[in-house]
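What follows is a set of notes on a single structure, which appears directly below.
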Amino acid sequence: MMITTKIFLLLLVLAPLRMAAAGKNCPGVPWLGAVAACGKASGTKLIYNLCIRTMRDYEVDMSPSHKEAVTAYVIIALEAATNSYQETEVAASNQIDNTSLSHQVRDAFQACVDDDYLPAEATLDHIDDVLRSGCNFAGLADAYMSGMMSLERCRDRLLSLRYSASVYSMILVDRQRVSLALSLTKLLGI
């Protein structure tokens, strides 16, 4: 079994524990069902569908009677984004060693990993720490935007070389996952 599959299975087992830990009573944090949270957070059908799929992937109780603090859903969306980032980093790192690519393209992938993805992942880790440690969510919108700008720099770097491959598609998915996490976080009143 691949390491990624093992990690995913572990996350599925730990999902109910994560939900309970993230369901703290912060003032002003709404308690919603997963479907309702996805509906309120999603401005597009694409983000709504991604939200529902993410909640199902993490085995969130989707029944209308089950409610959690929105913080729990945000943390799940962040974990999904972080996992997606890590997969993209691996794919980009594999391209760095691909000698069939030009030196310029390999350098672009190296910059994507070092200058864009590693800082963006650190930003997601920071947001996760803030959400788990207390109720002061000030500055999270700026942190999300910083992380998104990193993804966009990587995307633009590859576009400027007219290079599109599976990694480019992965970057677009990563951006959607961060957009979902940001949309859910906005329900916290940031």
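Where a number appears in this text, it was derived from the coordinates with a stated rule and is not lab data. This structure is a prediction, so every number in the text was calculated from the model and none was measured. Virtual Cβ from ideal backbone geometry, glycine too; neighbours counted across all protein chains shown.
Being among the aliphatic types (A, V, I, L, M) and not in a helix (DSSP H, G or I) is true for just one of A138, A111. Which residue is that?
From the options A138, A111, the qualifying one is A138.
Need pairs with beta-carbon distance below 7 Å; first residue over 10 Å from M170 (Cα atoms) and within the range 85-98, second of a type in the set (K, R); sequence gap 6+ or separate chains.
Within 7 Å, the pairs are Q95/R106; I96/R106; N98/R106.
Within the range 115-135, work out how many residues are of a type in the set (S, T, N, Q) and under 12 Å from Y85 (Cβ atoms).
Residues that pass the stated criteria total 1.
Looking only at residues that are surrounded by fewer than 17 Cβ atoms within 10 Å (Cβ to Cβ) and among the acidic types (D, E) in the range 76-105, which one is farthest from T185 (Cα to Cα)?
D97
For the range 44-59, check the following and say yes or no: at least one residue is touching a His at 6+ places or on another chain (Cβ under 9 Å), free of Cβ contacts under 8 Å to residues at least 60 places away in the same chain and surrounded by 19 or more Cβ atoms within 10 Å (Cβ to Cβ).
no
Can you report the number of residues in the range 164-174 which are without any contact (Cβ under 8 Å) to a residue 60 or more places away in the chain and either part of a helix (DSSP H, G or I) or closer than 16 Å to H103 by Cβ (or both)?
Matching residues across the range 164-174 total 3.
Give the range 138-177 a look and list any residue that's more than 27 Å from Q104 (Cβ to Cβ) and surrounded by 20 or more Cβ atoms within 10 Å (Cβ to Cβ), or say none.
Selection gives L140, Y144, R177.
Out of the residues in the range 106-121 that are among the hydrophobic types (A, V, I, L, M, F, W, C) and within 14 Å of the chain's Cα centre (by Cα), which is surrounded by the most Cβ atoms within 10 Å (Cβ to Cβ)?
By that ranking, first place goes to A120.
Which ones in the range 131-190 are among the basic types (K, R) and on the phi > 0 side of the Ramachandran plot?
Selection gives R162 alone.
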